[in-house]
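The block underneath contains the structure these notes are about, expressed in structure tokens.
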């Protein structure tokens, strides 16, 4: 999804919030909160709905949500008393109230990756596309990994040109990269071992084969 509003561009494929070509700094959870509110606009979401979408399967205090809302508003330069983007629905939750200038459909941003990226899951190969790849049990996932220890939206792999990064999406059982639990987005390299809950995956970068060498001939 790529949407524009009042000089801002929210690109969920590249995981960027841009203004005049410059990216605003947002933490993973803050970006996810903005993404959720924009996706469900103009509907208001309850605090419980937002918590389920931003922290799936994890209990967090209401103050955590309040802090994220404050961070989003600060990044956008929004005013609590006269909001242009994030509206408080008192006693209920929040809603995105900005006017969207235009929106590109999801398929417009799903381009084949410049290099061939795969996840190996047992005997199955999962093809990764340019932009956002959601891993989990949800039907909209790049590949539905239907296992009890995997959350509906468990992790995200972002392919941007020749780089790939992985981020946990607040999953209940965590995402591990090379044996260590992810706390923030981390770059991926060929052969990296990933574990979604108890499900092991291997990240592979399939480079283009070299050209066939021309056989030299000799005369005698």
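Residue-wise test of (1) touching a residue at least 60 places away in the same chain (Cβ under 8 Å); (2) part of a strand (DSSP E or B).
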| position | (1), (2) |
| --- | --- |
| 120 | yes, yes |
| 141 | no, no |
| 157 | no, yes |
| 172 | yes, no |
| 184 | yes, no |
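So that you can scan it fast, the table gives a plain yes or no per residue for (1) under 16 Å from the mean Cα position of the chain (by Cα); (2) modelled with pLDDT of 85 or more; (3) closer than 14 Å to residue 119 by Cβ:
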position	(1), (2), (3)
139	yes, no, no
153	yes, yes, no
170	yes, yes, no
175	yes, yes, yes
196	yes, yes, yes
215	no, no, no
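Looking at 13, 21 in this structure, which one is modelled with pLDDT under 80 and buried (at least 16 other Cβ atoms within 10 Å of the Cβ)? If you could, list the steps in order and put the result at the bottom.
Numbers: 21 fails: buried (at least 16 other Cβ atoms within 10 Å of the Cβ).
Answer to the check: 13.
Matching residues to (1) surrounded by 12 or more Cβ atoms within 10 Å (Cβ to Cβ); (2) in a loop (DSSP other than H, G, I, E, B):
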| position | (1), (2) |
| --- | --- |
| 43 | no, yes |
| 52 | yes, no |
| 60 | yes, yes |
| 68 | yes, no |
| 72 | yes, no |
| 75 | yes, no |
| 79 | no, yes |
| 83 | yes, yes |
| 94 | yes, no |
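The values are calculated or read from the model by the stated rules, or taken from the named source; none is laboratory data. All values reported here derive from a predicted model rather than from experimental measurement. For neighbour counting, all protein chains shown are included, and Cβ atoms are generated from backbone atoms with ideal geometry for every residue, glycine included.
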